[in-house]
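Just so it is clear, none of the values below were taken in a lab; they were calculated from the coordinates. Everything numeric in this text was worked out from a predicted model, so none of it was measured. Virtual Cβ from ideal backbone geometry, glycine too; neighbours counted across all protein chains shown.
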Amino acid sequence: MAIRADAAHAVARPRDTDPEMGAAASRQDPARARQRPLPDPKPLTEHGPAHVIAMCNQKGGVGKTTSTINLGAALTEFGRKVLLIDLDPQGALSVGLGIPAQNMDRTIYNALMERRTTLRDVRVHTDIPGLDLVPSNIDLSAAEVQLVSEVAREQTLLRVLADVRDEYDYILIDCQPSLGLLTVNALTAAQGVMIPLECEFFSLRGVALLVDTIDKVKERLNPQLEISGILATMYDARTVHCKEVFSRVVEAFGDTVFQTVIQRTVRFPETTVAGQPITTWAPTSSGAAAYRDLAKEVIAL
Ligand SMILES: Nc1ncnc2c1ncn2[C@@H]1O[C@H](COP(=O)(O)OP(=O)(O)O)[C@@H](O)[C@H]1O
Ligand SMILES: [Mg+2]
């Protein structure tokens, strides 16, 4: 899908609130109005090479990590082999899957910085069949500084991924909340960027800046990079504000916005404590169903 920075800037510009729009939005749910039946994914007979997607938004707390875990787990339910890469020194992705990364000696940091360490050496299996993880911990915070003096510093992750790419159908990279060198590495290694977006007005400004960065990386480092889609998270159809923001995002980005929206529910914070995806923690919940729908959309891309 085409990347449109102008659209991103337009959507972030404040405009007079239209009282009519508010009234209309309160009557109907714009997310539900866009829902169409999603085709069931075809089974695969062989695996790889992986399609690489960076989960990216420089704002924290918008659902990047939650979406990485749950989209990954949902993709495995459709027979896809998935590798998740934790590229945030906070290590929340690892924790969310019950992997005690804080105590691990070898993480993504070692694979990025040491020539003799490969992703095969640092990846671990999770409790979900078909779902592997490259963990991260606070060690990674040094990489941002250390990478600066490397040759082809933006391509470090791309180079490292080549080792495992043929084994997986999807590689999802959970980015940290910044547009620094690690995130640029993720964008350089990826074919797609998924932008989880919390449905509130101030989120929109960040998207404009993110789309600018994606444009620059596409132009200078990775011509194949596309926006896979914008994912509305923490959606609450009971608030007019949320529905208005969603309508505006759809107005600006059209089909680039996934039809699947992720509702706000306490089930997600619960899964973090459980160290499991929602698809196994609460398999019949609406949250699990939503990530399965998202997986169908991603497979159909
Ligand atoms: N749809 C949701 N509804 C309610 N809480 C959510 C939802 N998605 C994520 N959360 C919670 O919000 C917090 C931030 O989410 P997280 O995925 O860690 O964001 P990020 O990785 O962008 O910083 C976490 O505590 C998570 O459990
Ligand atoms: Mg995170």
Of ALA208, ALA50, ALA274, which is the most mobile in a GNM of the chain whose springs link Cα atoms less than 10 angstrom apart? ALA274
Most packed first (mean Cβ within 10 Å per residue), the peptides 65-73, 159-167 order as 65-73, 159-167
For LYS42, counting only lysines whose alpha-carbon sits under 20 Å away and dropping same-chain residues fewer than eight positions off, the answer is LYS81, LYS296
Helices from the chain with mean Kyte-Doolittle at least 0.0 and a Cα length along the axis of 18 Å or more, per DSSP H: which? 64-77, 201-220, 240-253, 286-300
Residues ILE138, ILE85 arranged by fewest to most Cβ contacts within 10 Å: ILE138, ILE85
Suppose we keep just the DSSP beta bridges with both residues in the chain; what percent of those would be antiparallel, to 5? 5
Most exposed to least, judged by fewest other Cβ atoms within 10 Å, LYS296, LYS42 sort to LYS42, LYS296
Taking amide H positions as placed in the peptide plane 1.01 Å from N, state which residues far from CYS199 in sequence (5 or more) or on other chains have amide H under 5 Å from it. THR233
For the chain, with only Lys/Arg (+1) and Asp/Glu (-1) charged at the beta-carbon, what is the dipole magnitude about the Cα centre, in debye rounded to 20? 300
